[in-house]
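Novice: Sharing a structure below in structure tokens format, with a few things to ask.
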Amino acid sequence: MSIRLKLASIWLPDFILKRELDNVSRKTITGLDDLLKEHASLKMETVTLNGKLEQRRSSMATAHNERVKILIQELGYQKAVKLGRSAMFEIGCKLGKEARRKLGVGNNFNDLETAAGILYKILGIEFKIENKDGNMVMVVNRCFLSKYYSPESCMILSAADEGVVCGLNENIGMQFKERITEGAPECIACINEVKL
């Protein structure tokens, strides 16, 4: 494990958490705005995050909800989810590669888990990795965003999380199977080795 990754896993000052949340927010909102511009000829108002970390998270989630709702109204549920998830996966993958470079993430699973913990801390998400019947799963038992997200927003934006894992380690894939926003007690995501 690199020194940068180890240090970031121990302590991240508030200004870095805010800066990184602003980065995630800007990229995901821009991705949704680009879809609206391309497929619905709509231009959305720019979102600026202010205040404490919790206020910034809720503002980001509200902006995501607004854009996902309009995307579904304009394109229909199936097409909006398909295009939204594809765009968010690509953005997540880029964010994961960026974090991999910044933190010095290696190719082992421990580094991936540590880096994911850092990135989820920025979003107010707590998780654990469990072995269930020989399968690795991520269990999210607390998600700040679930208080704000519509089920549709969570469905689309969770693809960014899946992309981040791919960006952190291209040999590992993750896919959500259950979500708190859909009534599950916890979010469950399967983690698998990707066959190249």
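The values are calculated or read from the model by the stated rules, or taken from the named source; none is laboratory data. Just so it is clear, the structure is predicted and the values come from calculations on it, not from any experiment. Using ideal geometry, Cβ is built from the backbone for each residue, glycine included, and neighbour counts are taken over all protein chains shown. Side chains included, ligands, DNA and RNA excluded: accessible areas come from the protein's heavy atoms. Shrake-Rupley method; radii C 1.70, N 1.55, O 1.52, S 1.80 Å.
Novice: Hey, among the residues in the stretch 85-127 that are charged (D, E, K, R) and without any contact (Cβ under 8 Å) to a residue 60 or more places away in the chain, which one's nearest to Met155 (Cα to Cα)? So that I can check it myself, show each step before the final result.
Specialist: Taking the stretch 85-127 and keeping what is charged (D, E, K, R), we get 85, 90, 94, 97-98, 100-102, 111, 113, 121, 126.
Those left that are additionally without any contact (Cβ under 8 Å) to a residue 60 or more places away in the chain: 101, 113, 126.
Values: Arg101: 27, Glu113: 22, Glu126: 18 Å.
The extreme case among them is Glu126.
Novice: Among (1) outside any loop (DSSP other than H, G, I, E, B); (2) closer than 28 Å to Met138 by Cα; (3) open to solvent by less than 50 Å² (accessible area, probe 1.4 Å), which single condition is Lys102 missing?
Specialist: The number of the failed condition is (3).
Novice: Specify the residue that is nearest to Ser153 (Cα to Cα); the eligible residues are those in the stretch 8-20 that are open to solvent by 70 Å² or more (accessible area, probe 1.4 Å) and assigned to a helix (DSSP H, G or I).
Specialist: Among those residues, the one meeting the criterion is Arg19.
Novice: Can you work out which of the residues in the stretch 118-147 that are touching a Leu at 6+ places or on another chain (Cβ under 9 Å) and outside any strand (DSSP E or B) is most open to solvent (accessible area, probe 1.4 Å)?
Specialist: The extreme case among them is Lys121.
Novice: Criterion first (under 20 Å from Ala116 (Cβ atoms), at pLDDT below 95, open to solvent by less than 50 Å² (accessible area, probe 1.4 Å) and of a type in the set (A, V, I, L, M)) does Leu5 satisfy it? If you could, list the steps in order and put the result at the bottom.
Specialist: Working: under 20 Å from Ala116 (Cβ atoms): yes; at pLDDT below 95: yes; open to solvent by less than 50 Å² (accessible area, probe 1.4 Å): yes; of a type in the set (A, V, I, L, M): yes.
So Leu5 fits the description; yes.
Novice: While we're on this one: Return yes when Leu95 is more than 25 Å from Leu12 (Cα to Cα) and assigned to a helix (DSSP H, G or I) and no when it is not.
Specialist: So Leu95 fails the test.
Novice: Go through the stretch 21-68 and give me each residue that's in contact with a Leu (Cβ under 7 Å, 6 or more places away or on another chain), outside any helix (DSSP H, G or I) and open to solvent by 50 Å² or more (accessible area, probe 1.4 Å).
Specialist: Selection gives Leu42 alone.
Novice: Is there a residue in the stretch 120-137 that is of a type in the set (Ser, Thr, Tyr) and farther than 17 Å from Lys27 by Cα?
Specialist: no
Novice: For the stretch 152-187, enumerate the residues that are under 16 Å from Leu32 (Cβ atoms) and either of a type outside the set (Asp, Glu) or surrounded by fewer than 23 Cβ atoms within 10 Å (Cβ to Cβ) (or both).
Specialist: Matches in the stretch 152-187: Glu152, Ser153, Cys154, Met155, Ile156, Leu157, Ser158, Ala159, Ala160, Gly163.
Novice: So, one more: So which residues in the stretch 168-190 are in contact (Cβ under 8 Å) with a residue 12 or more places away in the chain, out of contact with any Leu (no Cβ under 9 Å at 6 or more places or on another chain) and part of a strand (DSSP E or B), if there are any at all?
Specialist: Gly173, Met174, Gln175, Phe176, Lys177, Cys187, Ile188, Ala189, Cys190, listed by residue number.
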